[in-house]
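Visitor: Before I ask anything, here is the structure I am working with.
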Amino acid sequence: MKNLYNNLKSCTFALSYKLSFFINDLQKICNEIQHIIIFFVFLPPNFFYMTAIRNIAIIAHVDHGKTTLVDKILHHCALFRDNQETGELILDNNDLERERGITILSKNVSVVYKDIKINLIDTPGHADFGGEVERVLNMADGVLLLVDAFEGPMPQTRFVLQKAIEMKLKPIVVINKVDKENCTPEEVHEAVFDLMFELGAEEWQLDFPTVYGSAKQNWMSDDWKHPTESIAPLLDMVIEHIPAPKVTEGSVQMLITSLDYSTFTGRIAIGRLHRGVLKAGMNISLVKRDGSIVKSKIRELHTFDGLGRKKVEEVQAGDICAIAGLESFDIGDTIADYENPEALPTIAIDEPTMSMLFTINDSPFFGKDGKFVTSRHIKERLERELEKNLALRVEPTDSADKFIVYGRGVLHLSVLIETMRREGYELQIGQPQVIIKEIDGVKCEPVEELTIDLPENVSGKAVDFVTLRKGEMLSMEPKGERMVIKFLIPSRGIIGLRNQLLTATAGEAIIHHRFLEFQPFKGEIAGRINGSLISMEQGTAIPYSLDKLQDRGRFFIFPGEDIYTGQVIGENSRSGDMVVNVTKTKKLTNVRAAGSDEKVKLAPPIKFSLEEALEYIQKDEYVEVTPKNMRIRKIYLDENERKRHEKEFK
């Protein structure tokens, strides 16, 4: 019994001794926790949220690999199952984008890499869609500048980089396609540095990190001579060099930079939250571009999650979000505090350089293909387009069924026309006209920098064509077996030039141009030399008639195609228009003569794309666009009417 008591006594003593050490340790832990709590109290409420986000835009010249790079980033961040069929150019989901192989609309997508959310913005590469690039750069804190290792900085590289530098964004240079033959990555790196210096980049922007690789082959590396296994070095560089969103204290501020539409929730506002916290069901003020204030309420909040969007209850400053439920908002408006609204600077967009006349289809075949054929339909559709297409302008004319539409170029406006055509609209388009301004009493026109990449043996023809159109050669640089020539040329001179160059170079010329500035008017430029072959009668084109008229010119129609009086059915081999009858059939008799029934051999007709047709037409012609057909016609279908109004078009 005594032994048991002694054992218990020693155990109790040992336990109390250890417990005293445990209490001391516990006290130390409590002190540490207290310090940590004090540290957290003085941090901004969204400190960890905003340091775990990177907002980055991918900018480049057309076809330098932006969308392909986004595909590889999505795959690397395990956004898809291993056995999932995704195809290529995942973000180019618009039919027009897939057909043309270009990005037209900017897209938002987000990935998570090393527990950091990266919001990626894919942008268009064509100068005609520069309005898209200008507005979405407002959402980014940095840019990935993609440059082709063979071509180097191109005209559009300069345009998008200039916008990024003006907005004080941090650049990361990605020299892509280093697997190309005869590529010069080091020289391209130097050229990018020179371009940035020329554009007035600050010292911290000139100290840009560079990564080399091939998006198509799925690798990036610090040294192009040592390929890696993935694009992880690029993503590591983004996390290291692109700053987290800078968030200042204050009430709610968000600039609407994009629009979307849902059949369930209606119009959706997209933008980056600059300040404060947004919550579902919250009352807000909408500060319009003109300064007026509209009270509204947020119905739903979404953040970008992978390729889609995720519904959330609140959004912290620094993230890109989509808001449903707002009424009567436009791009450039500010979502601000309900009580004390403060507006952000609105989006400044460059002026349009070209205009076209849009009018109803009043040809004899109107209403056969389309659902929307009246001027009311066209007007409403153009007004809807104005809401999201910032670079577009629409002006009414003296006539209720005609509208002047201003845009950045033929491609910019032709994408709108093609979209309307596919939606079931019928309309007619006039010849593209450049915008002439009067600056300090001097008549001025838009001038562009034109770059032509073509085989060396046909470079002389290109120089001839451009100089005839008032172009001035700036430089001529050999690249392998090809020649890169730069010109200064009026925008008027570019209309119709592409077709001529492609014909002269057997389709090998690569043409890029970008708007530079307004300069004094350069003088008259000769138009199309050849006249038109015009249909005399309405009916069906007969092979017999087409065969007999082949020596008169080249035709735009197939045998058996329906045509109408005044339709342009071909190009005259000489100057001046010619009216011909291709609906006449062979007179049948009982008399047979040797050789009178020879088989008809017709040359294949010329079929224009929409841009080619717009560049081809003269002042007195329209392009008729319907969901199923595209025709060229004279404005005045009757021959006598045409003669009476001949002086109007000279």
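The values are calculated or read from the model by the stated rules, or taken from the named source; none is laboratory data. Since this is a predicted model, take the numbers as computed values, not measurements. Cβ sites come from the backbone with ideal geometry, for glycine too, and all protein chains shown count toward neighbours. Side chains included, ligands, DNA and RNA excluded: accessible areas come from the protein's heavy atoms. Shrake-Rupley method; radii C 1.70, N 1.55, O 1.52, S 1.80 Å.
Visitor: Picking from PHE129, PHE150, PHE197, PHE159, which residue would you name as being touching a residue at least 40 places away in the same chain (Cβ under 8 Å), assigned to a helix (DSSP H, G or I) and open to solvent by 20 Å² or more (accessible area, probe 1.4 Å)?
Guide: PHE159
Visitor: Residues ILE121, ILE102: which one is modelled with pLDDT under 75 and of a type in the set (Val, Ile, Thr)? Steps first, please.
Guide: Numbers: ILE121 fails: modelled with pLDDT under 75.
When all the criteria are applied, what remains is ILE102.
Visitor: Would you check which residues across region 162-180 are surrounded by 22 or more Cβ atoms within 10 Å (Cβ to Cβ) and assigned to a helix (DSSP H, G or I) and list them?
Guide: Of everything in region 162-180, just one residue is surrounded by 22 or more Cβ atoms within 10 Å (Cβ to Cβ) and assigned to a helix (DSSP H, G or I), namely ALA164.
Visitor: Failed condition for TYR212, given (1) over 23 Å from HIS76 (Cα atoms); (2) surrounded by 18 or more Cβ atoms within 10 Å (Cβ to Cβ); (3) among the hydroxyl-bearing types (Ser, Thr, Tyr), with all others met?
Guide: In the conditions (1) over 23 Å from HIS76 (Cα atoms); (2) surrounded by 18 or more Cβ atoms within 10 Å (Cβ to Cβ); (3) among the hydroxyl-bearing types (Ser, Thr, Tyr), TYR212 misses (1) alone.
Visitor: Filter region 265-299 for residues that are of a type in the set (Lys, Arg) and under 28 Å from the mean Cα position of the chain (by Cα); which is nearest to MET139 (Cα to Cα)?
Guide: ARG272
Visitor: Among the residues of region 419-441, count how many are in contact with a helix residue (DSSP H, G or I) (Cβ under 8 Å, 6 or more places away or on another chain) and either assigned to a loop (DSSP other than H, G, I, E, B) or open to solvent by less than 30 Å² (accessible area, probe 1.4 Å) (or both).
Guide: The number of residues fulfilling the criteria is 8.
Visitor: For region 483-505, enumerate the residues that are in contact with a strand residue (DSSP E or B) (Cβ under 7 Å, 6 or more places away or on another chain) and more than 18 Å from PRO155 (Cα to Cα).
Guide: Residues satisfying the conditions are ARG492, LEU501, THR505.
Visitor: Hey, could you check region 449-470 for residues that are open to solvent by less than 10 Å² (accessible area, probe 1.4 Å) and outside any helix (DSSP H, G or I) and say which is farthest from HIS512 (Cα to Cα)? Give the steps one after another, and end with the answer.
Guide: Initial filter on region 449-470 (open to solvent by less than 10 Å² (accessible area, probe 1.4 Å)): 450-452, 454, 462, 466.
With the extra rule that they be outside any helix (DSSP H, G or I), the set shrinks to 450-452, 454.
Details: LEU450: 6, THR451: 5, ILE452: 7, LEU454: 12 Å.
Checked region 449-470; the qualifying residue farthest from HIS512 (Cα to Cα) is LEU454.
Visitor: Hey, another quick one. Tell me, please, whether a residue that is touching an Asp or Glu at 6+ places or on another chain (Cβ under 8 Å) and closer than 28 Å to GLN433 by Cα can be found in region 455-472.
Guide: First, the residues of region 455-472 that are touching an Asp or Glu at 6+ places or on another chain (Cβ under 8 Å): 455-456, 458.
After this cut, where a residue has to be closer than 28 Å to GLN433 by Cα as well, the list is none.
Within region 455-472 (the criterion being touching an Asp or Glu at 6+ places or on another chain (Cβ under 8 Å) and closer than 28 Å to GLN433 by Cα), the answer is no, since none of the residues qualifies.
Visitor: Another one. So, in region 574-603, of the ones that are surrounded by fewer than 10 Cβ atoms within 10 Å (Cβ to Cβ) and hydroxyl-bearing (Ser, Thr, Tyr), which residue ends up modelled with the lowest pLDDT?
Guide: Once the filter is applied, the top-ranked residue is SER596.
Visitor: Oh, and also: May I ask you to list the residues in region 394-410 that are surrounded by 19 or more Cβ atoms within 10 Å (Cβ to Cβ) and farther than 11 Å from ILE378 by Cα?
Guide: VAL405, TYR406, GLY407, ARG408, GLY409, VAL410
Visitor: If we scan region 82-93, do we find a residue that is under 19 Å from LEU259 (Cα atoms), at pLDDT below 70 and either open to solvent by less than 50 Å² (accessible area, probe 1.4 Å) or in contact with a Cys (Cβ under 9 Å, 6 or more places away or on another chain) (or both)?
Guide: Initially, region 82-93 is screened for residues under 19 Å from LEU259 (Cα atoms), giving 91-93.
Among the residues that remain, those that are also at pLDDT below 70 are: 91-93.
Okay, now just the ones that are also either open to solvent by less than 50 Å² (accessible area, probe 1.4 Å) or in contact with a Cys (Cβ under 9 Å, 6 or more places away or on another chain) (or both), so 91-92.
Checking region 82-93: at least one residue is under 19 Å from LEU259 (Cα atoms), at pLDDT below 70 and either open to solvent by less than 50 Å² (accessible area, probe 1.4 Å) or in contact with a Cys (Cβ under 9 Å, 6 or more places away or on another chain) (or both).
Visitor: Is one or more of the residues making up region 278-291 free of Cβ contacts under 8 Å to residues at least 12 places away in the same chain, within 21 Å of LEU344 (Cα to Cα) and surrounded by fewer than 18 Cβ atoms within 10 Å (Cβ to Cβ)?
Guide: Yes, there is a match, as at least one residue in region 278-291 is free of Cβ contacts under 8 Å to residues at least 12 places away in the same chain, within 21 Å of LEU344 (Cα to Cα) and surrounded by fewer than 18 Cβ atoms within 10 Å (Cβ to Cβ).
Visitor: Mind checking which pairs have a first residue in region 331-357 that is touching a residue at least 12 places away in the same chain (Cβ under 8 Å) and a second that is acidic (Asp, Glu), Cβ under 7 Å, 6 or more apart or different chains?
Guide: ALA336/GLU342; ILE347/GLU134; ILE349/GLU134
Visitor: Residue by residue through region 326-367, note down the ones that are among the acidic types (Asp, Glu) and farther than 30 Å from ARG492 by Cβ.
Guide: Scanning region 326-367 gives GLU327, ASP330, ASP333, ASP337, GLU339, GLU342.
Visitor: Being open to solvent by 30 Å² or more (accessible area, probe 1.4 Å) and either in a loop (DSSP other than H, G, I, E, B) or among the aromatic types (Phe, Trp, Tyr) (or both) is the filter here, so list the residues in region 231-243 that pass it.
Guide: PRO243
Visitor: Output yes when any residue across region 339-348 is of a type outside the set (Gly, Ala, Ser) and not in a loop (DSSP other than H, G, I, E, B), and no when none is.
Guide: Let us first name the residues in region 339-348 that are of a type outside the set (Gly, Ala, Ser), namely 339-342, 344-347.
Of the ones still in play, those that are also not in a loop (DSSP other than H, G, I, E, B) are none.
No, every residue in region 339-348 fails to be of a type outside the set (Gly, Ala, Ser) and not in a loop (DSSP other than H, G, I, E, B).
Visitor: Report, by residue number, each residue of region 250-271 that is over 17 Å from ARG299 (Cα atoms) and either in contact with a Leu (Cβ under 7 Å, 6 or more places away or on another chain) or open to solvent by 20 Å² or more (accessible area, probe 1.4 Å) (or both).
Guide: Selection gives GLY250, SER251, GLN253, LEU255.
Visitor: Right, another one. Does any residue in region 460-484 that is closer than 14 Å to ILE510 by Cβ come within less than 7 Å, Cβ to Cβ, of a residue that is not in a strand (DSSP E or B) six or more places away or on a different chain, and which pairs are these?
Guide: The qualifying pairs are ALA462/LEU501; ALA462/ALA509; GLY480/ASN182; GLU481/GLU456; ARG482/GLU456; MET483/GLU456; MET483/SER459.
Visitor: Here's something else I'd like to know. Sort out which residues of region 365-391 are of a type outside the set (Lys, Arg) and touching a residue at least 60 places away in the same chain (Cβ under 8 Å), and write them in order of number.
Guide: Residues satisfying the conditions are PHE365, PHE366, ASP369, GLY370, GLU387, ASN389, LEU390, ALA391.
Visitor: Pick from region 330-346 the residues that are of a type outside the set (D, E, K, R) and in contact with a strand residue (DSSP E or B) (Cβ under 6 Å, 6 or more places away or on another chain): which of them is surrounded by the fewest Cβ atoms within 10 Å (Cβ to Cβ)?
Guide: Looking at residues that are of a type outside the set (D, E, K, R) and in contact with a strand residue (DSSP E or B) (Cβ under 6 Å, 6 or more places away or on another chain), I get TYR338.
Visitor: Continuing with the same structure: Can you name every residue in region 628-650 that is open to solvent by 40 Å² or more (accessible area, probe 1.4 Å), closer than 20 Å to GLU426 by Cα and in contact with a Lys or Arg (Cβ under 7 Å, 6 or more places away or on another chain)?
Guide: Of everything in region 628-650, just one residue is open to solvent by 40 Å² or more (accessible area, probe 1.4 Å), closer than 20 Å to GLU426 by Cα and in contact with a Lys or Arg (Cβ under 7 Å, 6 or more places away or on another chain), namely TYR636.
Visitor: Go through the residues of region 366-380 one by one and say whether even a single one is open to solvent by 60 Å² or more (accessible area, probe 1.4 Å), of a type in the set (Lys, Arg) and part of a strand (DSSP E or B).
Guide: Within region 366-380, not a single residue is open to solvent by 60 Å² or more (accessible area, probe 1.4 Å), of a type in the set (Lys, Arg) and part of a strand (DSSP E or B).
Visitor: Can you confirm whether LEU259 is in contact with a helix residue (DSSP H, G or I) (Cβ under 6 Å, 6 or more places away or on another chain) and either at negative phi or in contact (Cβ under 8 Å) with a residue 24 or more places away in the chain (or both)?
Guide: So LEU259 fits the description; yes.
Visitor: Being aromatic (Phe, Trp, Tyr), in a helix (DSSP H, G or I) and either out of contact with any His (no Cβ under 6 Å at 6 or more places or on another chain) or surrounded by 15 or more Cβ atoms within 10 Å (Cβ to Cβ) (or both) narrows it down to one residue among TRP224, TRP204; which is it?
Guide: On the way: TRP224 fails: in a helix (DSSP H, G or I).
Matching residue, one of TRP224, TRP204: TRP204.
Visitor: Further question: If you go through region 263-276 one residue at a time, do you hit one that is modelled with pLDDT of 90 or more, among the charged types (D, E, K, R), in contact with a helix residue (DSSP H, G or I) (Cβ under 8 Å, 6 or more places away or on another chain) and closer than 24 Å to ARG54 by Cβ?
Guide: Yes: one or more hits.
Visitor: Kindly indicate whether any position in region 386-395 is modelled with pLDDT of 90 or more and closer than 23 Å to ILE635 by Cα.
Guide: yes
Visitor: Looking only at region 419-459, which residues are over 29 Å from the mean Cα position of the chain (by Cα) and in contact (Cβ under 8 Å) with a residue 60 or more places away in the chain?
Guide: Once the filter is applied, which keeps residues that are over 29 Å from the mean Cα position of the chain (by Cα) and in contact (Cβ under 8 Å) with a residue 60 or more places away in the chain, region 419-459 yields ILE439, VAL442, LYS443.
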